[in-house]
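The values are calculated or read from the model by the stated rules, or taken from the named source; none is laboratory data. Everything quoted here is computed from the prediction, not taken from an experiment. Cβ: placed from backbone, ideal geometry, glycine included. Neighbour counts: every protein chain shown.
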Amino acid sequence: MSTRRAWSIAAREFRLGPRSPIFLYAVFLPIAMSFLISAVFGGLLDPEARLGIVDLGQSEVTLAAQELEGIAVDVLDDAESLRDRVETHNLDAGIVLAAEFDDRIRAGEQPDLDFYISGESLASTRIILAVTTTDLIREVAGEEPPVAVSVTPIGDEDFVPIGDRLLPIVVFYAVVIAALFLPAASLLDEREKQTLSAVLVTPTTMREVLVGKGILGVLMGVALGVFSLALNQAFGNRPLEIVLFLLVGSIMMAQLGLILGSLVKDANSLYTAIKGAGVFIALPVIFIIWPTLPQWVPRFAPTYYFLTPVYEISVNGGALADFWLEFGVACLLCLALAPVLLAVGHRAETRLAWAG
Amino acid sequence: MADSPPAIEVTEISYSYGDVLAVDGVSFEVAPGEIFGLLGPNGAGKSTTVKMLTGQIGPDSGSIRVLGMDTVSDTSKYQGRIGVCFEEKNLYTAMSGHENLRFFGRLFGIKDLDTAALLDRVDLGPRGDDRVADYSKGMRQRLMMARALINRPDVLFLDEPTDGLDPVSARTIQGLITQEAERGVAVVLTTHDMHEADTLSDRVAFINQGKILALDAPEALKLQHGQRSVRIRSLGNAGEIEETTIPLEGSGVPDSLQDTIANLEVLTIHTEEATLEDVFVAYAGRGLGA
């Protein structure tokens, strides 16, 4: 087994990738899905509220505002440039804090506060910024709110927004299309066009061909999985653990793809096989989207053992330590698939020689 | 040539596709620098024989040694020293000529392959950067030939290398085959084209129903099966065309020829040689196209 030859095969796939419609489809599908989901359910394209502050003293309001999540604070030097930026919708709103602002409000005075609102800002953004600013000033002044606000969660406390629950779809497509479909289609194409025969009469072995195409699937699966999660800002606090599951999942999918690519007769059979198996391999995704369904069912699908951990770690703050069992099963599946792949690869090689 | 150890030694090989026996106890040797023609109709077993010789399949029985190496146990090792030109134009059409050659060069472990020189050898130099999808059939075949020569092979397997090509492309490829043989390369040529086999091959083997029917130099086969005679067409007394056949066997042939030529108004004189096709029919009872 020569890693140099296997890498040459993988390198050819990567070089030719941009010329292949399937390759481009695999790259752009997760991006398109991310944009579609975020456009429909919010997320990726939701703008942060942008507040500009001109602080003529050293107000605690500025510091407190900068620590807030979900609001982008920009501190400016003078009121004129603040006005200009709000006017051009470079900022949603802006405030000018006069010198000794904090002292004056603590002394019970009511100093003037210029609050500029961009005419193009969303109504919701205006309300958020106005209420937040008022709250911050009250805090600095040491005043109690005029009312006692009682917060009561209503509905399922474990509810995960639909946008987040759709995340596995993006990851599923990224990993399955790239890691499973690309190697399968590439191997089948080489069988159909008999370029594989030309490769196999060089010192290259079928095992090296399979490894080369597997490298393509695994690297593309991991890269697109990572890219999709980054695009959806869903890496959580344990990105390396997520990458580990993406790696194991991509190896598993690449092996399944190469088995398919070795077995199927033609492109139609490949599409039919993937469509037919689609529901089965997509089971974990379906059960994540509808969490009320019995959650033991997707454990029968191999994809469960990497998709569910990726989802739980990225969205629900899980950790690798919570998913050792899933990780072990995923690794065992990879090990079990290896001899199957070698056997069907050898069969494909013989059939190819018979057919040529 | 005769003193060198054979480049290819095939001993009693057989191969079956399920219940169908495709190759049945075939044996032959090919010397370095020899062009060996493997002739036979479709389904005769010649492609299966070549697949076994190139390591694509292993024989069910018998043995094949190429360059002293066993094709089953040393497959990758000896495949590094052979070149194969398939009948099917199995090139990467999305890649250019240069890219195709560079890729296969890497598979042979050649880092700095002079692809331009190879493409020049097959008259494809100016089109080397074009995608193979834009090549004509003749250009693709010439690129296939260049690909077979990437590793300066010691043994070349050529399957119908000039099939359906224009005369210019066919001559280019035939020229390359001759050059390689002169370099000492053993060439196994599989073809339907009897004229090409006759012109290029040092020896030919007729294969039919998985067995070798005859194996010898083309000239020897033709002499064995041709009618050694001369056919003379002449103008008769009444202006009609007459044909006279003079056997070239036995004594007195020169006198007989001289007398005939002296007494007739000769229009044409032809030797009556058998073609390889005639020889094949004599052995197999059917033509190559059957």
Spot the failing condition for B:Val204; the list is (1) out of contact with any helix residue (DSSP H, G or I) (no Cβ under 9 Å at 6 or more places or on another chain); (2) at pLDDT 85 or above, and only one is missed. (1)
Of all the residues that make up the stretch B:45-88, how many are buried (at least 22 other Cβ atoms within 10 Å of the Cβ), of a type in the set (D, E, K, R) and free of Cβ contacts under 8 Å to residues at least 60 places away in the same chain? 1
Residue, nearest to the chain's Cα centre (by Cα), within the stretch B:104-116, restricted to residues that are under 12 Å from A:Ser8 (Cα atoms) and more than 9 Å from chain A (Cβ to nearest Cβ): B:Gly105
Restricting the stretch B:141-174 to residues that are assigned to a helix (DSSP H, G or I), closer than 27 Å to B:Tyr78 by Cβ and not aliphatic (A, V, I, L, M), which is farthest from the other protein chains (Cβ to nearest Cβ)? B:Gln174
Meets criteria (within 30 Å of B:Ser201 (Cβ to Cβ), of a type in the set (Val, Ile, Thr) and surrounded by 12 or more Cβ atoms within 10 Å (Cβ to Cβ)) for B:Thr244: no
Would you check if there is a residue in the stretch B:179-187 being touching a helix residue (DSSP H, G or I) at 6+ places or on another chain (Cβ under 7 Å) and away from chain A (no Cβ under 13 Å)? yes
If you go through the stretch B:265-284 one residue at a time, how many are modelled with pLDDT of 80 or more and within 14 Å of B:Ile232 (Cα to Cα)? 6
Any chance A:Arg19 is loosely packed, with under 15 Cβ neighbours inside 10 Å, assigned by TED's automatic domain parsing to the domain that holds A:Thr195 and among the charged types (D, E, K, R): yes
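Residue by residue, here is whether (1) exposed (fewer than 14 other Cβ atoms within 10 Å of the Cβ); (2) of a type in the set (Asp, Glu); (3) under 30 Å from A:Phe235 (Cβ atoms) holds:
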site: A:Glu48; (1), (2), (3): yes, yes, yes
site: A:Asp78; (1), (2), (3): yes, yes, no
site: A:Leu82; (1), (2), (3): no, no, no
site: A:Glu100; (1), (2), (3): no, yes, no
site: A:Pro111; (1), (2), (3): no, no, no
site: A:Ile117; (1), (2), (3): no, no, no
site: A:Thr132; (1), (2), (3): no, no, yes
Take the residues in the stretch A:323-355 that are crowded, with 18+ Cβ neighbours inside 10 Å and more than 37 Å from the chain's Cα centre (by Cα), then tell me which one is farthest from B:Glu87 (Cα to Cα). A:Glu349
Examine the stretch B:89-103 for a residue that is more than 9 Å from chain A (Cβ to nearest Cβ), in contact with an Asp or Glu (Cβ under 9 Å, 6 or more places away or on another chain), under 26 Å from B:Asp193 (Cβ atoms) and surrounded by fewer than 20 Cβ atoms within 10 Å (Cβ to Cβ), and state whether such a residue exists. no
Tally up the residues in the stretch B:146-171 that are of a type in the set (A, V, I, L, M, F, W, C) and over 16 Å from B:Val50 (Cβ atoms), please. 6
So, first residue assigned by TED's automatic domain parsing to the domain that holds A:Val209 and aliphatic (A, V, I, L, M) in the stretch A:258-281, second residue outside any helix (DSSP H, G or I) and surrounded by fewer than 15 Cβ atoms within 10 Å (Cβ to Cβ), Cβ within less than 8 Å, six or more apart or across chains; the pairs are none
Meets criteria (modelled with pLDDT of 85 or more and in the same structural domain as A:Glu13 (by TED's automatic domain parsing)) for A:Leu244: yes
Of the conditions (1) farther than 14 Å from B:Asp159 by Cβ; (2) in contact with a strand residue (DSSP E or B) (Cβ under 6 Å, 6 or more places away or on another chain); (3) away from chain A (no Cβ under 11 Å), B:Tyr78 fails just one. Which one is it? (3)
Mind listing just one residue for me: the one in the stretch A:201-248 that is charged (D, E, K, R) and in a helix (DSSP H, G or I) and, of those, surrounded by the most Cβ atoms within 10 Å (Cβ to Cβ)? A:Lys213
Restricting attention to the stretch B:7-47, and to residues there that are touching a helix residue (DSSP H, G or I) at 6+ places or on another chain (Cβ under 9 Å) and of a type in the set (Ser, Thr, Tyr), which single residue is farthest from the other protein chains (Cβ to nearest Cβ)? B:Tyr15
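For (1) over 30 Å from B:Pro153 (Cα atoms); (2) touching a residue at least 40 places away in the same chain (Cβ under 8 Å); (3) within 14 Å of chain B (Cβ to nearest Cβ); (4) among the hydrophobic types (A, V, I, L, M, F, W, C), each residue gets a yes or a no:
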{"residue": "A:Val201", "(1), (2), (3), (4)": "no, no, yes, yes"}
{"residue": "A:Leu229", "(1), (2), (3), (4)": "yes, yes, no, yes"}
{"residue": "A:Gly236", "(1), (2), (3), (4)": "yes, yes, no, no"}
{"residue": "A:Leu256", "(1), (2), (3), (4)": "yes, yes, no, yes"}
Name the helices (runs of 4 or more DSSP H) wholly inside the stretch B:187-290 in which the number of residues that are farther than 23 Å from B:Ser27 by Cα is 2 or more. B:194-200, B:253-263
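Residue-wise test of (1) closer than 19 Å to B:Pro161 by Cβ; (2) outside any loop (DSSP other than H, G, I, E, B).
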residue: B:Asn42; (1), (2): yes, no
residue: B:Gln56; (1), (2): yes, no
residue: B:Phe104; (1), (2): yes, yes
residue: B:Lys111; (1), (2): no, no
For residues that are among the charged types (D, E, K, R) and in a helix (DSSP H, G or I), tally how many sit in the stretch A:258-314. 3
